[in-house]
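Participant: Below is one structure. I have some questions about it.
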4 protein chains.
Amino acid sequence: MSVTHLTAPGERVDSEPVTLRVGVVGAGFMGRVHAEAARRAGATVVAATASRPDRAAAAARAVGAERGYPGVAELLGTAGVDVVHICTPNATHAPVAAAALAAGAHVVCEKPLATGLAEATGLAAAAVDRVATVPFVYRFHPMVRELRARLAAGEAGTVATVTGSYLQDWLSRPTDDDWRVDSGLGGASRAFGDIGSHWADLFEFVTGDRITRLSARTAVVHERGTQQVPPTEDLAALLFTTAAGTVGTLVVSQVAAGRKNRLHLEISGTDASFAFDQEDPERLWAGRRAGGQVLLRDPATLHPSAARYVRLPAGHAQGYQDCFDAFVADTYAAIRGEAPAGLPTFADGLRTVRVTDAVLSSAAGDGEWVEVTP
Amino acid sequence: MSVTHLTAPGERVDSEPVTLRVGVVGAGFMGRVHAEAARRAGATVVAATASRPDRAAAAARAVGAERGYPGVAELLGTAGVDVVHICTPNATHAPVAAAALAAGAHVVCEKPLATGLAEATGLAAAAVDRVATVPFVYRFHPMVRELRARLAAGEAGTVATVTGSYLQDWLSRPTDDDWRVDSGLGGASRAFGDIGSHWADLFEFVTGDRITRLSARTAVVHERGTQQVPPTEDLAALLFTTAAGTVGTLVVSQVAAGRKNRLHLEISGTDASFAFDQEDPERLWAGRRAGGQVLLRDPATLHPSAARYVRLPAGHAQGYQDCFDAFVADTYAAIRGEAPAGLPTFADGLRTVRVTDAVLSSAAGDGEWVEVTP
Amino acid sequence: MSVTHLTAPGERVDSEPVTLRVGVVGAGFMGRVHAEAARRAGATVVAATASRPDRAAAAARAVGAERGYPGVAELLGTAGVDVVHICTPNATHAPVAAAALAAGAHVVCEKPLATGLAEATGLAAAAVDRVATVPFVYRFHPMVRELRARLAAGEAGTVATVTGSYLQDWLSRPTDDDWRVDSGLGGASRAFGDIGSHWADLFEFVTGDRITRLSARTAVVHERGTQQVPPTEDLAALLFTTAAGTVGTLVVSQVAAGRKNRLHLEISGTDASFAFDQEDPERLWAGRRAGGQVLLRDPATLHPSAARYVRLPAGHAQGYQDCFDAFVADTYAAIRGEAPAGLPTFADGLRTVRVTDAVLSSAAGDGEWVEVTP
Amino acid sequence: MSVTHLTAPGERVDSEPVTLRVGVVGAGFMGRVHAEAARRAGATVVAATASRPDRAAAAARAVGAERGYPGVAELLGTAGVDVVHICTPNATHAPVAAAALAAGAHVVCEKPLATGLAEATGLAAAAVDRVATVPFVYRFHPMVRELRARLAAGEAGTVATVTGSYLQDWLSRPTDDDWRVDSGLGGASRAFGDIGSHWADLFEFVTGDRITRLSARTAVVHERGTQQVPPTEDLAALLFTTAAGTVGTLVVSQVAAGRKNRLHLEISGTDASFAFDQEDPERLWAGRRAGGQVLLRDPATLHPSAARYVRLPAGHAQGYQDCFDAFVADTYAAIRGEAPAGLPTFADGLRTVRVTDAVLSSAAGDGEWVEVTP
Ligand SMILES: NC(=O)c1ccc[n+]([C@@H]2O[C@H](COP(=O)([O-])OP(=O)(O)OC[C@H]3O[C@@H](n4cnc5c(N)ncnc54)[C@H](O)[C@@H]3O)[C@@H](O)[C@H]2O)c1
Ligand SMILES: NC(=O)c1ccc[n+]([C@@H]2O[C@H](COP(=O)([O-])OP(=O)(O)OC[C@H]3O[C@@H](n4cnc5c(N)ncnc54)[C@H](O)[C@@H]3O)[C@@H](O)[C@H]2O)c1
Ligand SMILES: NC(=O)c1ccc[n+]([C@@H]2O[C@H](COP(=O)([O-])OP(=O)(O)OC[C@H]3O[C@@H](n4cnc5c(N)ncnc54)[C@H](O)[C@@H]3O)[C@@H](O)[C@H]2O)c1
Ligand SMILES: NC(=O)c1ccc[n+]([C@@H]2O[C@H](COP(=O)([O-])OP(=O)(O)OC[C@H]3O[C@@H](n4cnc5c(N)ncnc54)[C@H](O)[C@@H]3O)[C@@H](O)[C@H]2O)c1
């Protein structure tokens, strides 16, 4: 692989940006979203691979890549890509990411970074001289940045409690199935690894705080066709404390009828409280003793760190793809040597693997309290 | 005391209802609410007592009673009351309730029933041949009954998780103070005993389920003037499991800026989910895989057990006093020998004292899991 | 009739308030609501009449009156009432109110004050030395008073537009019927007279402005059993201008599926806008260029003129009956010689009859613009 | 200009789609949005022009075009574009569109299609053998299509009333100014032409109905620097009737503090009502006598004509750019010979110019009723 034309991270460039050459591994739902965002960020999607050599061309077509490759090795060896986007089932993330880093590529690796703590630790260590990011994309909603800026400014006073949930219903019926259900592909944790990890990242990102101890319960509600032994959890619920002394709860479920992708968090401080709902990302509720405000994504009033992610005037809704695009654009900016704030890296990916690990180990011990490695 | 003209509970009466004679102990905020509800239920508020003999007349005026009495003993001994409403600070509930029962009166005793488990147990045992209720009045919102009826009918499928919170902000500042802060008056638990108890009762009431094990954390955020050693908690957060296998979380706080009296619960089932917000009690959200419904308090569509509490047509909001009135009316109906469903009795009062006790003992053990006595 | 023990309006009294003796004419839905509010205001409901002499006793029972009377004449002649509450079908309001005033009683007359402009004018003229009110009770929601206070203080800047609606669905099916459908009982205007009148009163009350010119359209959607020729309208829609130069619209319908009693108004000013929804009366939305606020009915933050109507702490919902009670209490306070602000009198009742008359006459002229008599 | 390689509309093609060559006239806010959507639809933005020859290169950079041209004539004469996107101030739309059509190009022309009725009529006539569309992009929100499908299926029963508003606040202060304020650039109608036109198109699109008669009022609230004589309106309000007999109201304002881009419509039928808010485009409220539903943009439950515009799973918000992209993609599909349903054409552009014309002429006649030419 030849990634010779790129500067190292941190090195500033004055000339016109070189068009990045992107390879996409895994051409499913996320593969398409990544490829689209890559193009919108000005990159060229040159290569794609599927799960089987005979589907190489189909994968290329699915994500709009110039060429399909029979496998990751071929893609890394001959496509001359600058960045590899890993959009495959979870268990494959670690080996593909390791190979991509070894080949000198920058890497965008889907969450969870790895299905095991050891691999995640290894990847975070290996990622040091390349840009290596994980799409915790909710960080890129302008109102999330606004929340982060306000908390950083101390607006909330003492953050006493946080009430969280991430609820979905696409697995609410026993007949619902997916590769995520199979621990061999999805990893030992399903609901928490898949979506709880997003919540944990978002909470720690907006508060700048760390979950330090937790007690967790998990449950399996349905037997499913591809379920292994032991089965992966349909839901997880946590009680936790943080480095700053906040006490929090979190309910994560993929069997909650009527909720599609509802990541919700309410941060309750003594001076102000804030509530954010990922399904309604253009608004942020801010409550004070004297009443509540509904803050809008209005460039005229947002903190600069939030206004940075505004693409459209107030009242013209930005959505999920917009925050995804911003994540990829920031990743590429980092590759070009810039240092955008709040980029979720492999270190962040490792962090949520640690939280997931703590959740599983607490749940295995009937909710016993466990420390989360910082 | 002479409560001779009343039938025992369970005994049906055909004649015109006798006008109940009511005594109110404690003429503060709740004393006035109870007295008003008593009058609306057709009773006569004949007696009131205050905290000091010299305020007897003022207490009578405050609640609109015919006469003020220097103390509970005098009221019980000479006022000829059928029912005593106990609306004083928590620590006084148990002795006053015991005395009232001993005097043969029916009793409405504010929550928490007692500040100690032993007293609560004694009261529940003593209450057997009198009507003895505790104002867990949120049970009397029609939409709460609707929720209960739907859960009883199995509409939710498997209730997998529940996400709860009860948030207030009236103690969010260090200068905020109240008798509840003083453990000598309010009891060892403040936030949980005061409002968490309502949530626990409501959850168990609508589901018919029981919290069996829990892990809890509490915290004291502010030092306050009347705070004792050990101080009472500003907040509590719980992870719990139930007899039916539901996993739940609950955050209770009196220092959550921007929330006034927000008791919220979202019950997530595999077939349907339901969310109720005490500050918006005329609506109930019902979510299903195919979308969400906002159920209204419309007599035309409610379950009979909910329609029973409808006083006004749809769109003419019922409020807190309406559910309080319904609670008192049902208590008096029970005194007249009827058996209204869902009346919160001393047994229910004892139950929440047990939950509170478990919360404090888990929190004292750094969140260790404790069993809740059924 | 002997109303000798009462002071004239305006005359202050120092002695204990005399218990008012109340007579209720019409013992249907509103008769019960009025009687309940009268009792809560400390009055005694001594008399009631029904539509037929043989239902006198039943009427008394229905509203909890001491005695039933065969007719209005008997009630006025012998019951010794201080105040008469008129809760009968619309066409009877004027003759009963005139008789009650003639008998020297204070009068609370349901809206519409009369079904004809001449009668309404006569009543307003006749009411001068008695307290004579019309239950435009939405004025008594604390958040309505808050809105009024803020508009009076100029917070909105120039009030440029108002968008209004009052939507119900209880007549949405052709088989739905009611005495209101019959113009002989309900009057020539149905939807507007019945509910549009409430909206018009509320708008003029909160703004202190006057609708001066309007263009209206009405429609009859269903033929119904008791419909007369010409039929009464199922809906009305208006474009109007005001004395202050505001331009507004209003849609009134009783055939709008899914809406129960939704009186909504959004007042859009150049500095601030406000939205109020009668079905969610504990909140008031206030929008400014920099974002929106949700103002809560919190005694700690309300304007004194609004806080006056607070009965319960923030977060303990007040409802329709609470505002009805406040209206009756203020009416009785006026009878006792006080001068509560914002009491809706026969002059206000006449005012909405004028607006209704203008609506019908514009609609009859295919929406031609008509002046509304001030 | 040579647009030789394209098929005529209606003619089906089997071969690979040829990459369309796009020219963008006007490189402001909309120019960028159009160019981005063009690229996402697979086209190449080859040309751009600015308002002045010396800004040609800057315009090209702003929209990412290959080359800047000094003027429209040069662009049409030498750039070899297949499609021209007109994104300039309103008064220039008609001449540029006419020139582009004359040059044989397909045209996407921003609304309003023209500032005069005669020009708009001419353009609609001239557009017959080219694809010529107007970005009434709100049509491309999936929930708008869902609403349209449900109304077409008769779900609402008789649509009796519609309550509409389109409120913004970016011109709420006297110091706010813009080229739209100047009638020479923006046209004689400002608020209505700019945003009322969107509402009118959306209403007629979802209902398939036609506004036939209307009475309108307009007002100028602030004097502004670029205001001409006569000034353009800050607001307009309408009462209207439709071919199907619906009665409706609409308030349009650009001086409504607190509202950013709030296009709202509530369609009230006898069987069901529907409400849509452009600022919350992922939801559609559907009310029925038995209660209300909140329909979500969930591919699993949407009508096929709505599901067609789903790009992301439920709960992953789509936004304004997504609907814009869909509009451009459909325009290009039409250029390739397909016939996507609901494409807003010059005929639709003409239609809203007619409505705007009627609004101005009614307002000039103090709200006199005018017919809208079909
Ligand atoms: N960041 C987010 O918000 C977000 C959202 C959804 C999914 N994800 C993550 O994205 C990843 C993919 O999820 P998805 O929803 O796109 O799943 P998907 O099933 O739609 O796509 C996975 C694709 O990977 C292919 N594949 C499997 N094994 C492969 C291999 N060895 N080499 C190449 N391709 C292979 C499959 O054929 C399939 O096309 C998962 O790790 C998931 O956790 C992240
Ligand atoms: N069920 C509910 O929803 C609800 C709501 C609020 C309060 N409460 C409960 O009601 C009780 C009273 O609370 P409150 O808010 O009315 O408090 P409060 O301070 O307003 O009133 C308490 C009153 O009791 C009087 N008092 C104190 N000691 C007394 C004594 N020995 N004898 C007679 N009177 C005495 C005080 O003078 C005061 O007037 C508490 O136990 C509280 O938990 C219940
Ligand atoms: N202010 C409000 O918010 C509000 C709300 C609802 C109704 N109203 C008004 O209240 C009035 C009554 O409405 P309602 O909903 O109670 O109707 P209803 O039909 O429930 O009650 C009307 C009652 O009047 C009785 N009646 C008829 N003719 C009579 C007569 N000549 N003498 C004595 N009684 C007679 C009927 O038997 C019936 O009991 C109407 O004018 C209506 O506009 C006002
Ligand atoms: N469909 C929608 O939802 C929507 C939304 C916003 C604006 N618009 C329409 O888009 C058009 C542009 O609005 P905008 O907000 O982008 O305005 P803008 O002021 O941001 O951009 C207009 C651009 O046109 C350029 N221009 C002016 N005269 C020109 C000429 N003769 N030739 C070439 N360029 C010229 C200006 O320099 C400017 O860059 C307007 O007609 C407006 O009504 C539509």
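The values are calculated or read from the model by the stated rules, or taken from the named source; none is laboratory data. The model shown is predicted, which means the values in this text are computed figures rather than measured ones. Here the Cβ is made from the backbone with ideal geometry for all residues, glycine too, and neighbour counts use every protein chain on show.
Participant: Out of everything in region B:261-302 that is farther than 25 Å from C:ARG262 by Cα and of a type in the set (D, E, K, R), what residue ends up being farthest from the other protein chains (Cβ to nearest Cβ)?
Facilitator: Restricting to residues being farther than 25 Å from C:ARG262 by Cα and of a type in the set (D, E, K, R), the top hit is B:GLU266.
Participant: Mind listing whichever residues of region C:289-318 are of a type in the set (Gly, Ala, Ser) and either over 19 Å from C:GLY342 (Cα atoms) or within 16 Å of ligand 2 (Cβ to nearest atom) (or both)?
Facilitator: Once the filter is applied, which keeps residues that are of a type in the set (Gly, Ala, Ser) and either over 19 Å from C:GLY342 (Cα atoms) or within 16 Å of ligand 2 (Cβ to nearest atom) (or both), region C:289-318 yields C:ALA290, C:GLY291, C:GLY292, C:ALA300, C:ALA314, C:GLY315, C:ALA317.
Participant: Considering each of B:GLY157, B:GLY104, B:GLY77 in turn, give the residue that is at pLDDT 95 or above, over 15 Å from B:HIS34 (Cβ atoms), in a helix (DSSP H, G or I) and more than 13 Å from ligand 2 (Cβ to nearest atom). If you could, list the steps in order and put the result at the bottom.
Facilitator: On the way: B:GLY157 fails: in a helix (DSSP H, G or I); B:GLY104 fails: in a helix (DSSP H, G or I).
After ruling out the rest, the residue left standing is B:GLY77.
Participant: What number of residues in region C:44-75 are touching a residue at least 24 places away in the same chain (Cβ under 8 Å), surrounded by 24 or more Cβ atoms within 10 Å (Cβ to Cβ) and more than 12 Å from ligand 3 (Cβ to nearest atom)?
Facilitator: Result for region C:44-75: 1.
Participant: Of these, D:SER165, D:SER172, which one is assigned to a loop (DSSP other than H, G, I, E, B) and either within 24 Å of D:THR207 (Cβ to Cβ) or at pLDDT 95 or above (or both)?
Facilitator: Numbers: D:SER165 fails: assigned to a loop (DSSP other than H, G, I, E, B).
Selected residue: D:SER172, the only one of D:SER165, D:SER172 that is assigned to a loop (DSSP other than H, G, I, E, B) and either within 24 Å of D:THR207 (Cβ to Cβ) or at pLDDT 95 or above (or both).
Participant: Which numbered condition trips up A:ASP348, out of (1) touching a Pro at 6+ places or on another chain (Cβ under 6 Å); (2) touching a residue at least 24 places away in the same chain (Cβ under 8 Å)?
Facilitator: With respect to (1) touching a Pro at 6+ places or on another chain (Cβ under 6 Å); (2) touching a residue at least 24 places away in the same chain (Cβ under 8 Å), A:ASP348 is out only on (1).
Participant: Keeping to region D:34-55, report how many residues are within 19 Å of D:CYS109 (Cβ to Cβ) and either out of contact with any helix residue (DSSP H, G or I) (no Cβ under 6 Å at 6 or more places or on another chain) or more than 8 Å from ligand 4 (Cβ to nearest atom) (or both).
Facilitator: Qualifying residue count, region D:34-55: 12.
Participant: Does any residue of region C:118-131 turn out to be surrounded by fewer than 17 Cβ atoms within 10 Å (Cβ to Cβ), within 16 Å of ligand 3 (Cβ to nearest atom) and not in a loop (DSSP other than H, G, I, E, B)?
Facilitator: no
Participant: Quick check, is A:GLY337 over 12 Å from the mean Cα position of the chain (by Cα) and within 14 Å of another protein chain (Cβ to nearest Cβ)? Steps first, please.
Facilitator: Numbers: over 12 Å from the mean Cα position of the chain (by Cα): yes; within 14 Å of another protein chain (Cβ to nearest Cβ): no.
So A:GLY337 fails the test.
Participant: Would you call B:THR270 without any contact (Cβ under 8 Å) to a residue 40 or more places away in the chain and either among the hydroxyl-bearing types (Ser, Thr, Tyr) or within 16 Å of ligand 3 (Cβ to nearest atom) (or both)?
Facilitator: Taking the combined requirement at face value, the residue does not satisfy it.
Participant: List the number of the failed condition for B:VAL81; all other conditions in (1) farther than 24 Å from C:ARG311 by Cβ; (2) surrounded by fewer than 24 Cβ atoms within 10 Å (Cβ to Cβ); (3) of a type outside the set (Lys, Arg) hold.
Facilitator: So B:VAL81 meets the others, but not (2).
Participant: Would you point out which residue out of D:ARG213, D:ARG180 is within 12 Å of ligand 4 (Cβ to nearest atom), among the basic types (Lys, Arg) and either touching a residue at least 60 places away in the same chain (Cβ under 8 Å) or more than 19 Å from D:PRO374 (Cβ to Cβ) (or both)?
Facilitator: None of the other options fit; the residue is D:ARG180.
Participant: Looking at region C:217-247, which of the residues that are in a loop (DSSP other than H, G, I, E, B) and in contact with a strand residue (DSSP E or B) (Cβ under 8 Å, 6 or more places away or on another chain) is nearest to the other protein chains (Cβ to nearest Cβ)?
Facilitator: Taking the candidates together, the pick is C:VAL221.
Participant: Check region A:305-320 and report whether any residue there is at the interface with another protein chain (Cβ under 7 Å from one of its Cβ atoms) and among the aromatic types (Phe, Trp, Tyr).
Facilitator: Yes, region A:305-320 contains at least one residue that is at the interface with another protein chain (Cβ under 7 Å from one of its Cβ atoms) and among the aromatic types (Phe, Trp, Tyr).
Participant: For region C:20-52, how many residues are of a type in the set (Ser, Thr, Tyr) and within 18 Å of the chain's Cα centre (by Cα)? Explain how you work it out, then say what you get.
Facilitator: Going through region C:20-52, the residues of a type in the set (Ser, Thr, Tyr) turn out to be C:44, C:49, C:51.
From the residues that got through so far, the ones that are within 18 Å of the chain's Cα centre (by Cα) too are none.
Number satisfying all stated conditions: 0.
Participant: I'd like the full set of residues that are outside any loop (DSSP other than H, G, I, E, B), at pLDDT 95 or above and more than 24 Å from the chain's Cα centre (by Cα), limited to region C:271-292.
Facilitator: Selection gives C:SER273, C:ALA286, C:GLY287, C:ARG288.
Participant: Taking the stated definitions as given, is D:HIS93 within 30 Å of A:ALA38 (Cβ to Cβ) and either surrounded by fewer than 19 Cβ atoms within 10 Å (Cβ to Cβ) or away from ligand 3 (no atom under 16 Å from the Cβ) (or both)?
Facilitator: In short, no.
Participant: Further question: Just one of C:SER172, C:SER189 is of a type in the set (Ser, Thr, Tyr), surrounded by 24 or more Cβ atoms within 10 Å (Cβ to Cβ) and within 16 Å of ligand 3 (Cβ to nearest atom); which is it?
Facilitator: C:SER189
Participant: Applying the selection to region B:293-303, what residues are in a loop (DSSP other than H, G, I, E, B) and in contact (Cβ under 8 Å) with a residue 60 or more places away in the chain?
Facilitator: B:ARG297, B:LEU302, B:HIS303
Participant: If I ask for residues that are outside any helix (DSSP H, G or I) and of a type in the set (Asp, Glu), which ones from region C:304-358 would you list?
Facilitator: C:GLU338
Participant: Kindly indicate which of D:VAL128, D:VAL134 is modelled with pLDDT under 95 and either away from ligand 2 (no atom under 16 Å from the Cβ) or under 15 Å from the mean Cα position of the chain (by Cα) (or both).
Facilitator: Testing whether each residue is modelled with pLDDT under 95 and either away from ligand 2 (no atom under 16 Å from the Cβ) or under 15 Å from the mean Cα position of the chain (by Cα) (or both) leaves just D:VAL128.
Participant: Of the residues D:LEU185, D:LEU214, D:LEU250, which is in the same structural domain as D:ASP271 (by TED's automatic domain parsing), assigned to a helix (DSSP H, G or I) and aliphatic (A, V, I, L, M)? Step through it out loud before you land on a result.
Facilitator: Details: D:LEU214 fails: assigned to a helix (DSSP H, G or I); D:LEU250 fails: assigned to a helix (DSSP H, G or I).
Criteria check complete, one pass: D:LEU185.
Participant: Now a separate question. Go through D:GLY208, D:GLY186, D:GLY196, D:GLY164 for me and flag whichever is away from chain C (no Cβ under 13 Å) and in contact with a Phe, Trp or Tyr (Cβ under 7 Å, 6 or more places away or on another chain).
Facilitator: Working: D:GLY208 fails: in contact with a Phe, Trp or Tyr (Cβ under 7 Å, 6 or more places away or on another chain); D:GLY196 fails: away from chain C (no Cβ under 13 Å); D:GLY164 fails: away from chain C (no Cβ under 13 Å).
Every option except D:GLY186 fails the conditions.
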